[in-house]
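One structure is given here, and the rest of the page talks about it.
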Amino acid sequence: MENRREFIKKAGAAAALAFMTDWAMGMTASDKFGDILPQRQLIRNGEKVTAFSLGGYHLGWTEDPKEAEGMLERAMELGIRFYDNARGYNDGRSEEYMGKFLTPKYRDDIFLMTKAPAKTAEGVQKQLDDSLKALNTDYVDLWQIHALGSPEDVDNRINAGVLDVFLEAKEKGKARYIGFTGHQNPVTHLHLLDFLEKRGIELDTVQMPLNVLDPSFESFEKHVLPVLLEKEYGVIAMKTMAGGSMMGGRIDTTPDKVTDIPNVVAETELSLANLHQYVYALPVSSLCSGVLTIDQLEANVAVLQNLKSLSESDKQKLVAIAKPYAGMVVENYKRVFSKS
């Protein structure tokens, strides 16, 4: 029996080959609004989404509704049909922008996702109601338990009825599909997946960090991705540029200390395009990324439109270049849990 390492290599190669072949042969989909970006399967039933998803968090940074409207209109023009959000992003403004500028015109032609971070049944139910109102829709295509932080957090939310509310929302049609997200440590994801398997429950998707740094430190790619592929979960990649930290910056590491984050792209031969090319070479369903400007949006889409196929050797070279920067300074969203 092949081990998980070989499994993920073969699955990744097959996914990337199929994707590149469809795109190269011009087998692109379109709708009444124009050509759609290349798609990949997200749901076990075969439902596909565009391989690039526009993140909702940065959309709500602007206080100018016209800027948000322009971003969403340009995203539709570029062929993006998968839109991410979460209750609480910018105090609800991110969802409100999509509810004002996206769903009234495009609801039947997009795949709309949002997430709920509350830790009780009552909390997530209210967040679902608030999300539907803000997004101006009767249902979301995907609703995810948001930002699971630790195995204890998983247990606490389950005991508080969070999972039950999600399962009920799917049963009632308020959410067509359900999943979960987290970015701190792969142990958390494996803990929930183990719980679900023991109880015969299948969710549909998982959203997690995947990037060139990840294989070298507390790796979601090595430990979680093979399990998700075996269970046929849709995989949504996030933090493909380490939340922007690969371009440098500063982070408050303690109340008294600010740490400089190295600019990985500037200090190595890695390009911005390489960062997304690496993730697209993995067996992921979609790459979710936030942008601050239309120029950034167009650059991200251009990587997908002109996608360079990466061999396993190519991928390992990129990982090797990035490895010296792996860890909790650049990957500052991760946490190391005690082994005891």
For Glu63, only one of the following conditions fails: (1) touching a Leu at 6+ places or on another chain (Cβ under 9 Å); (2) over 18 Å from Met238 (Cα atoms). What is its number? (1)
So the check is Cβ under 7 Å with 6+ separation or different chains; which pairs have a first residue in the range 306-317 that's among the hydrophobic types (A, V, I, L, M, F, W, C) and a second one that's assigned to a loop (DSSP other than H, G, I, E, B) and surrounded by 15 or more Cβ atoms within 10 Å (Cβ to Cβ)? Leu310/Ala281
Name the single residue that is nearest to Lys334 (Cα to Cα) among those in the range 171-181 being touching a residue at least 24 places away in the same chain (Cβ under 8 Å) and of a type in the set (D, E, K, R). Arg176
Based on what the data block shows, is Arg107 in contact with a Lys or Arg (Cβ under 6 Å, 6 or more places away or on another chain) and not β-branched (Val, Ile, Thr)? no
Test for Glu197: is it in a loop (DSSP other than H, G, I, E, B) and among the charged types (D, E, K, R): no
Whichever residue in the range 254-289 is among the hydroxyl-bearing types (Ser, Thr, Tyr) and touching a residue at least 40 places away in the same chain (Cβ under 8 Å) and, among such residues, is nearest to Ile110 (Cα to Cα): Ser286
Would you check which residues across the range 200-234 are surrounded by fewer than 22 Cβ atoms within 10 Å (Cβ to Cβ), part of a helix (DSSP H, G or I) and of a type in the set (Asp, Glu) and list them? Glu230
Note: among Pro209, Pro117, just one is touching an Asp or Glu at 6+ places or on another chain (Cβ under 9 Å) and farther than 21 Å from Arg44 by Cα, namely Pro209
Index of the failed condition, Lys239 passing every other in (1) on the phi < 0 side of the Ramachandran plot; (2) crowded, with 18+ Cβ neighbours inside 10 Å: (1)
Of (1) more than 18 Å from Val124 (Cα to Cα); (2) under 20 Å from the mean Cα position of the chain (by Cα), Leu192 satisfies all except one. Which? (1)
Just give me the residues in the range 186-234 being among the polar types (S, T, N, Q) and over 17 Å from Gln316 (Cα atoms), in sequence order. Thr188, Thr205, Gln207
Pull up the range 321-340, narrow it to residues that are modelled with pLDDT of 95 or more and of a type in the set (Gly, Ala, Ser), then point me to the one that is surrounded by the fewest Cβ atoms within 10 Å (Cβ to Cβ). Gly327
In the range 289-320, residues that are basic (Lys, Arg) and at pLDDT 95 or above total 2
Could you tell me whether Lys257 is more than 23 Å from Ser53 (Cβ to Cβ), loosely packed, with under 15 Cβ neighbours inside 10 Å and basic (Lys, Arg)? yes
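Conditions (1) within 30 Å of Asn306 (Cα to Cα); (2) touching a Gly at 6+ places or on another chain (Cβ under 9 Å); (3) modelled with pLDDT of 95 or more, marked per residue:
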{"residue": "Glu67", "(1), (2), (3)": "yes, no, yes"}
{"residue": "Arg81", "(1), (2), (3)": "yes, no, yes"}
{"residue": "Arg93", "(1), (2), (3)": "no, yes, yes"}
{"residue": "Asp109", "(1), (2), (3)": "yes, no, yes"}
{"residue": "Thr114", "(1), (2), (3)": "yes, yes, yes"}
{"residue": "Ala121", "(1), (2), (3)": "no, yes, yes"}
{"residue": "Leu135", "(1), (2), (3)": "no, yes, yes"}
{"residue": "Trp143", "(1), (2), (3)": "no, yes, yes"}
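The values are calculated or read from the model by the stated rules, or taken from the named source; none is laboratory data. If you're wondering where the values come from, they're calculated on a predicted model, not measured in any experiment. When we count neighbours, we look across all protein chains shown, and the Cβ atoms used for this are built from the backbone with ideal geometry, even at glycine.
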